[in-house]
1. Quick check on my filter: what residues within segment 1-23 are in a strand (DSSP E or B) and without any contact (Cβ under 8 Å) to a residue 60 or more places away in the chain?
2. May I ask you to list the residues in segment 25-73 that are part of a loop (DSSP other than H, G, I, E, B) and farther than 14 Å from residue 4 by Cβ?
3. Where residues in segment 32-50 are modelled with pLDDT under 95 and out of contact with any helix residue (DSSP H, G or I) (no Cβ under 6 Å at 6 or more places or on another chain), which of them is surrounded by the most Cβ atoms within 10 Å (Cβ to Cβ)?
4. Looking at segment 74-98 only, could you name the residues that are surrounded by fewer than 19 Cβ atoms within 10 Å (Cβ to Cβ) and either assigned to a strand (DSSP E or B) or at positive phi (or both)?
5. If you take the residues of segment 149-176 that are small (Gly, Ala, Ser) and under 16 Å from residue 22 (Cα atoms), which of them is surrounded by the fewest Cβ atoms within 10 Å (Cβ to Cβ)?
6. Taking segment 53-71, which residues are out of contact with any Ser or Thr (no Cβ under 6 Å at 6 or more places or on another chain), under 29 Å from residue 113 (Cα atoms) and modelled with pLDDT of 95 or more?
7. If a residue must be part of a loop (DSSP other than H, G, I, E, B) and in contact with a Ser or Thr (Cβ under 7 Å, 6 or more places away or on another chain), how many such residues does segment 158-193 contain?
Amino acid sequence: MLLAIDTSAGTSVAVVDRDRGILSQLDEADTRRHAEVIGTLIARALERAGIGPAELSGVVAGMGPGPFTGLRVGIAAARAFAAGIGKPVVPLISHDAFALDLDEPLLVVTDARRREVAWSSYAASDGLGLPVRIGGPALATPDGLGAEVDGYGAFRRLDAAAIPAGALGLLGERLYAAGRDFGPSEPLYLRPPDVTLSAPKRVTG
């Protein structure tokens, strides 16, 4: 079983089992409350699933694409929880949650703020129903998306307000079962953080 956490858009936490599917999923749409709700959602997801932390085999972390401030909350929570129970972190690209068992090309689009969108494009799933990403993740303006995505008109477009942690967790289970690689170990931030450290002042005597 896996605990899955994604904060690339809203906040979503789920407990999944490869055989039994999604055992629980809790979501918070407010993109400004990641840090406030993440601990409560984890506790409630485990309680609803009737699962103790020791029964988990790992923790899925949605690695984005997503804004720096929100995305790092979920990744930090996943890493801390995994370390606390002595289990591995399973990093996955968040958009891939929508690309299981596809029978047609799909374009996943999420709000990147600042009048931009994040996108990933997928061909139909492979023989095991696993995602086949052929473009992205990348940024574009809403009006310029058609020019950025090769073969734009061939894709069914999905504008996603949030990433479902349950689907992301099931993807992790199926990738593990198939012996496939997971996602990147580093977050896919949409852009650098707004706040940076200033250079230290030179002291003269």
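1. 23, the sole residue that qualifies.
2. 29, 30, 31, 32, 33, 50, 52, 64, 65, 67
3. Keep residues of segment 32-50 that are modelled with pLDDT under 95, which gives 32-37.
Remaining after also requiring out of contact with any helix residue (DSSP H, G or I) (no Cβ under 6 Å at 6 or more places or on another chain): 32-33, 36-37.
Details: 32: 8, 33: 14, 36: 12, 37: 19.
It comes out as 37.
4. Initially, segment 74-98 is screened for residues surrounded by fewer than 19 Cβ atoms within 10 Å (Cβ to Cβ), giving 76, 79-80, 83-88.
The answer is 86, and nothing else.
5. Residue satisfying both the conditions and the ranking: 167.
6. Correct list: 59, 60, 61, 63, 65.
7. Of the residues in segment 158-193, the ones part of a loop (DSSP other than H, G, I, E, B) are 160-164, 179-188, 190-193.
Those still in the list that are in contact with a Ser or Thr (Cβ under 7 Å, 6 or more places away or on another chain) too: 160, 162-164.
Of the residues in that region, 4 qualify.
The values are calculated or read from the model by the stated rules, or taken from the named source; none is laboratory data. Just so we're clear, the structure is a prediction, and the values are computed from it rather than from any experiment. In this analysis, Cβ positions are derived from the backbone assuming ideal geometry, glycine residues included, and neighbour counts consider all displayed protein chains.
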